[in-house]
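Asker: Dumping the structure here so I can ask a few things about it.
The values are calculated or read from the model by the stated rules, or taken from the named source; none is laboratory data. Bear in mind the structure is a predicted one, so any value in this text is a computation, not a measurement. As a convention, Cβ positions derive from the backbone with ideal geometry for all residues, glycine included, and neighbour counts pool all protein chains shown. Note: areas computed on protein heavy atoms with side chains; ligands, DNA, RNA excluded. Shrake-Rupley method; radii C 1.70, N 1.55, O 1.52, S 1.80 Å.
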Amino acid sequence: DVGDLREGRVTPDVEYALARDISRRALVVGPIAVGLAWLLRGPDGALAAALAVAIVVGNFLLSGWVLSRALKISLGVYHAAALFGFVLRLALIAGAMFAAAALLEVDRYAMGFAAVGSYLVLVTWEAISMTNREKEAEWTN
């Protein structure tokens, strides 16, 4: 309830809200990455790019969820989750990509470029939108 939030009785899950916002932006970035991969690397590249974008979006959602939960425990746990969790989540992205490459016949170059590219584009887009106050974030209401 917004009234509870304004009165300080409810703390919004800011990190998870940001992750959901980034995920919505992936609905634009994903098809562009898949289309570029299709043009440059063919159908195998498009499949690899789609998997890469899905892995990146999953990473953002996991990150938001972990940070939101960690803050509810304590500020120290939140800081640890932010610092060490970032490295662990990057390792999780790499592990998921290696697993996908091992289990499926995917274009590794397309997957790598799509993962790095989509990650950077999504983070940059979110940072710019928050800096320019493109819209009022749902957690500031």
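Asker: List the relative contact order of the chain as a percent without decimals, with contacts defined as Cα pairs under 8 Å and 6+ residues apart.
Answerer: 34 percent
Asker: Provide, as a two-decimal number, the C-alpha radius of gyration of region 26-141 over 2.2 N^0.38 Å, N being how many residues it has. Please list the in-between numbers first.
Answerer: Values: Rg = 16.0 Å, N = 116, 2.2 N^0.38 = 13.4 Å.
So the Cα radius of gyration is 1.19 times the expected 2.2 N^0.38 Å.
Asker: Which of G117, G45, G76 moves most in a GNM of the chain, Cα contacts under 10 Å?
Answerer: G76
Asker: Would you work out what percent of the accessible area of the chain, with all protein chains in place, is carbon or sulfur (probe 1.4 Å)?
Answerer: Values: 6020 of 8630 Å².
Exposed carbon and sulfur together represent 70 percent of the surface.
Asker: Within the chain, what's the longest stretch lacking trypsin sites (Lys or Arg not before Pro) that sit in DSSP loops with no more than 10 other Cβ atoms inside 10 Å? Walk me through the numbers on the way to the answer.
Answerer: Numbers: sites that count: R9, R133, K135.
Longest site-free region, per DSSP loop and neighbour criteria: 10-132.
Asker: The chain: longest stretch without exposed GluC sites (Glu not before Pro) (DSSP loop, at most 11 other Cβ within 10 Å), sites themselves excluded?
Answerer: On the way: sites that count: E7, E105, E134, E136.
Formally, the longest exposed-site-free interval is 8-104.
Asker: For region 24-63, just run the numbers: alpha carbon Rg, then divide by 2.2 N^0.38 Å, N being how many residues it has. Please report the intermediate quantities before stating the final value.
Answerer: Numbers: Rg = 10.3 Å, N = 40, 2.2 N^0.38 = 8.9 Å.
Expressed relative to 2.2 N^0.38 Å, the Cα Rg reads 1.15.
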